[in-house]
Structures are given as structure tokens and as C-alpha cells.
Amino acid sequence: MIRRLNEEVRASLPADVAGPSYDRQQPAGIVHIGIGAFHRGHQAVYFDQLMANGEAGWMIRGVSLRSAAVSRQLNPQDGLYTLVMRDDEAETTTVIGSIRDVLVAPEDPAAVIAALSSADTQLVTLTVTEKGYCLDSATGRLNLAHRDIRDDLASPNAPRTAPGFLVAGLKARRAAGLEPFTVLSCDNLFHNGAVTRRAVLDLAERLDPDLAGWIARRGAFPSSMVDRIVPATTGEDITQLEKTQGYRDETMVKTEPFTQWVVEDSFCARRPPLETVGVQMTNDVSGWEKAKLRMLNGAHSAMAYLGSLAGHAYIHDAIHGEGFEVLVNRLWDETQETLDQADGFDPSQYRAELLARFRNSSLRHRTYQIAMDGSQKLPPRLVAPILERAARGLRSPAMILAVAAWMRWQSGVDESGEAFEVQDPLAARTRAIVDAYSGDTAAIVKGLLAIGEIFDPRFGKDESIKANLVAAALRAQCDDRARAVWLNRN
Ligand code: CS2
């Protein structure tokens, strides 16, 4: 009988598997909202190291805003899970102990609010993905017409969204005479701290203006740049771990050795000494955020659409495909010219490191996974830098090609005629546009460019951008050969 990872199994882990030796009963200073694989592969590992170094009080209470899946996996394992770190040369396996438990918000919103308003809680970290902030992308403010936000306004004590829970938790703290916790966004949004602050204040102002004033004065919403490639765990990964280590872990994560976290040093509550575990604390994260979003994530999205359409299921496959390295380097030449100085950021070293990370074939990072939610990802990764370049009279053929591939992706059929599901909050709208103008690329491009949530109006008005997009989308550039020809010509 194979044993499932839990406290008992932790006491007798195989010799090559390290595990937590600190006291796991110590207080939980952190509530994390959105407890997916990325949190388990990134922030939770830093807090695990912090407690291993003897810093007390940084256990994490996880919150799932939607599904009970992670709680069903992690709670029976006493919050323990395995981190498998691999590249093409080596693999290390560690059991991480920093997560206490997982609360499922829709099942028990009051328990989440109680965790947020506990005197132990100093810091609330978030990985709710771009769409979890419920923003109106045209204004960067909270989308008050969003269905879930309307529900939160109607039932503020049983909210559904991350901003809704933050407001409810802060309100309960104020009522209990406690100070606010620090809110630390760990999502791939530009100025993620300021954006979160704005969203929380927009909601609080509608519910309780006094509370909003208190949050504005006493709260803190530092920005942060997070980076680690954490592909979705597969059944195969779980079986493999079981075979090699002799225990079963339903919630293991696999990741790369590389990890980076740059955090703005403006906390209101007790701040964990993150700098002691390799976090870069800084006064201004924006240079790092922009570089990472445009270089890593921009190249990821380009490879996701172009690669997936051309039949490359994984990033390491795509980067070895004809012309992809050329494409990625062209894209980086384009984005690099839009970056600001960030302390210690060396673009050529960053590019070399990124290429090596993309080539890591042991991660099996699916292009399809990255292609999801493109409507949320395109604006900071591709639309903004293309526009900045256009304003300076510069063309951006590699980034245009990536946007054109996203447009082709909306048809739900790849270059070899294989159908797939477009997973995106705006999929129904983009599909309707593609169907309405079937076969007329110029009309499809025009229709998609009119989606204000994705494309700044300047984008559609720029005739050169539009013409280039149509040309790129028309010529089926998603096929490897055609893409190489297109890049040579442009
Ligand atoms: C990826 C990111 O899925 C995606 O959109 O680009 O998850 C990427 O792997 C991380 O941001 C790396 O830090």
C-alpha cells in the first residue's frame, strides 16, 4: 500500500529528500489567496526557507477562491507537498512545510475572513491571475459592472473575488482594533501593487467610505516581480514521484532551479526578512516588472501561439523549431528598446539565461497552458511595447507576428486543421468575430482590434500597425517556414 504524504511520512522521508524540520505549529503570519502551483513553486518556498532559518511566525493559510480541488489534495497531506526542481542535468526533491491548510472560499467565506482578520496575519499574498483582479482594462480601475464584483457589492460579507475578500478582511480588522495587513500581489501585472490598491479602494469606497480612507492611510500594497517557471503538474509527474520516492503526493509541483522575487520595500505590518532568503528588496520594482513581462512573458506568449499553431506542444520544442530562436531574439531586440533601467539588470545576461530556461526539456511546459487567457496577457506583454515603439516611429514585426498569431488562435483550429478549445474569459466574443467574418482576415483583424479590453484605441487607429497585422495574419505565418520568410523580409 503506497502511503500518501503527511506528517507521519515526513518523519521518515527517503534520505535524498529534504523536509521541514521547523515547528509547523507556529503562527500563520500569511494568508495566500489563489493557492495554485505557482504559489507552491515560488512564494511558499521562500517562507519555508525563512522558517528553516529560524524566523518564526510565517506559516501560510491558503485560500482557493473557486474550486475545492487543492484543499482536497493538500489538507489530507497536512499541508505538505513535494517540490521537484529539475533541469536537463539534475533533479532535487524537497518537501515544503510552510502551508498550514487550505480554505475554500465558496464553501466557507466566513472562515477566510476570520483568517484575514486574525491578529497573527501580517501579510496577504495573491496569485489570482490577471483576470482575478476584475479590472476594467481601459481605465485600470475595478470593473464595477463585473458580475462577481456586483455580487460582492450586494453581499460584502460573503464575497467571491480577491478584492472582495481583501475589503471584508480589512473591515473586520478595523472593527477588531487591529492594523491592516500588507497586501502583496504576485501576479504578472504591471504596477501590480498600485493596481491592487486601486481595485481594493474602488470597492471599499462603494461599501464604506470611512473604511476606504483608513485603508488608504494605513494600508500598504507593495508591487512585486515574481519569476519561476512552474508548469501544471500532470498525472505522470505524480506517478513518477511515487515510483522514485515511494510515497504519493497529489499536490507536488515541478519547477526549474531558477527563481527570482523582487519586492518593493513598503510594508505596513511586520515584514518578513525576505532579503535573508534571496529576495531583492527595492524602492522601485517597475523596471524589473517591465523587463520580465515584456521579455520572458512576451516571448512566452509569442511561442505559445505561434508554436502551438505550428504543432509544438512544449516550449522546449518550440524554441528548437525552425526560426523560433530568431523570432525570440528579434522580439527581445524590439522590447529591449522599451525598457527602463533597473538596478542590477543586465539585458544580455538576462537573454542568455532566458534562452537556457526555455530550452529546459525536463519541465515539459505546455504552449497551450501559456496560450490561455490571452486577452488578459496581451496588453502588458505585447500591446503596450508595440504602442510605445510606434510612438517613436519604430516598427515591431516580431511582436506584431505574435499578436497576429493570437488572432489566428481565436478560430480554435491550428495550422494542420486540428480543433482546440480557446480558454479565455473573452473567448465567446472573439469567436463571434471570427465566425462573423469567416475567411476575411482584414475584417477579423479590425473586429478583434475593436475589443477595448485588449487593445488600446490607438492600436486600431494606427494604419501601419493594422496593415502589418493583417499581412502577418493573412500569410499563415504560423507555419515554421513561412514565419522564417516573414521575419527575413521585415
Ligand atoms: C507564463 C507564466 O503562463 C504564462 O503566461 O508566461 O506563467 C510564466 O511561466 C511565469 O510568469 C514565469 O515566471
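How tilted is helix 43-52 with respect to the longest principal axis of the chain? Cα atoms for both, answer in degrees (0 to 90, nearest 10).
For helix 43-52, the angle is close to 30 degrees.
How many lysine pairs does the chain hold where the Cα atoms are under 27 Å apart and the two sit 8 or more places apart or on different chains?
Close lysine pairs found across the chain: 22.
Does anyone have the angle between helix 427-436 and the longest principal axis of the chain? Alpha-carbon axes, 0 to 90°, nearest 10?
10
Output the peptides 68-80, 265-277 sorted from most to least packed, where packing is the average of other Cβ atoms within 10 Å over each peptide's residues.
Peptide ranking by packing, descending: 68-80, 265-277.
Can you give the extra length, in nm with one decimal, that the chain gains between SER361 and ARG206 once fully stretched, where that is 0.36 nm per residue apart less the Cα-Cα distance?
50.9 nm
Calculated FRET efficiency, GLU325 and ALA442, Cβ-Cβ r, R0 35 Å, to nearest 0.05?
For GLU325 and ALA442, the calculated efficiency is 0.70.
Can you give the convex hull volume of the alpha carbon atoms of the stretch 361-444 per residue, in Å³?
Taking only Cα atoms, the stretch 361-444 has a hull volume of 133 Å³ per residue.
Which value, in Å to one decimal place, does the Kirkwood hydrodynamic radius take for the chain when every pair of different Cα atoms is included?
About 23.5 Å for the chain.
So if we plug the beta-carbon distance of ALA175 and ASP265 into 1/(1 + (r/R0)^6) with R0 = 35 Å, what FRET efficiency do we get, rounded to 0.05?
E between ALA175 and ASP265, to the nearest 0.05, is 0.75.
Is the C-alpha gyration tensor of the stretch 137-186 telling us rounded, prolate or oblate? Criteria: a/c under 1.5 is rounded; beyond that, a/b larger than b/c is prolate, otherwise oblate.
Oblate shape, in that a/c is at least 1.5 and b/c is the bigger or equal ratio.
What FRET efficiency comes out for SER67 versus SER416 if R0 is 56 angstrom and r is the Cβ-Cβ distance? Round to the nearest 0.05.
In this case the efficiency is close to 0.95.
Rounded to whole Å, give me the distance from the Cα center of the stretch 211-261 to that of the stretch 330-395.
About 21 Å separates the Cα centre of the stretch 211-261 from the one of the stretch 330-395.
Just to compare against my own numbers: the Cα pair-distance distribution for the stretch 108-168, 10 Å bins, whole % per bin, please.
Binned Cα distances yield the sequence 22, 50, 25, 3.
Compare the peptides 352-364, 111-123 by average per-residue count of other Cβ atoms within 10 angstrom and give them in order, highest first.
Order by mean packing, descending: 111-123, 352-364.
How far apart, in nm, are two points set 7 Å out from the Cα along the Cα-to-Cβ line at ALA111 and at ALA390?
4.9
Arrange the peptides 281-293, 16-28, 142-154 so that the one whose residues have, on average, the most other Cβ atoms within 10 Å appears first.
With the highest mean Cβ count within 10 Å placed first, the list reads 281-293, 142-154, 16-28.
Using θ = phi - 60° and the Karplus curve 6.51 cos²θ - 1.76 cosθ + 1.60, what whole-Hz ³J(HN,Hα) does each residue of the stretch 98-110 get, with Gly and Pro shown as x?
Residue by residue, the stretch 98-110 yields 7, 8, 6, 6, 10, 9, 9, 4, x, 6, 8, x, 5 Hz.
Over all pairs of distinct alpha carbons, what does the Kirkwood formula give as the hydrodynamic radius of the stretch 23-165, in Å?
Final number for the Kirkwood radius of the stretch 23-165 is 16.1 Å.
Where a number appears in this text, it was derived from the coordinates with a stated rule and is not lab data. A quick note: this is a predicted structure, and the numbers were derived from the prediction, not measured. Ideal geometry is used to build each Cβ from the backbone, glycine not excepted, and the neighbour counts take in all protein chains shown.
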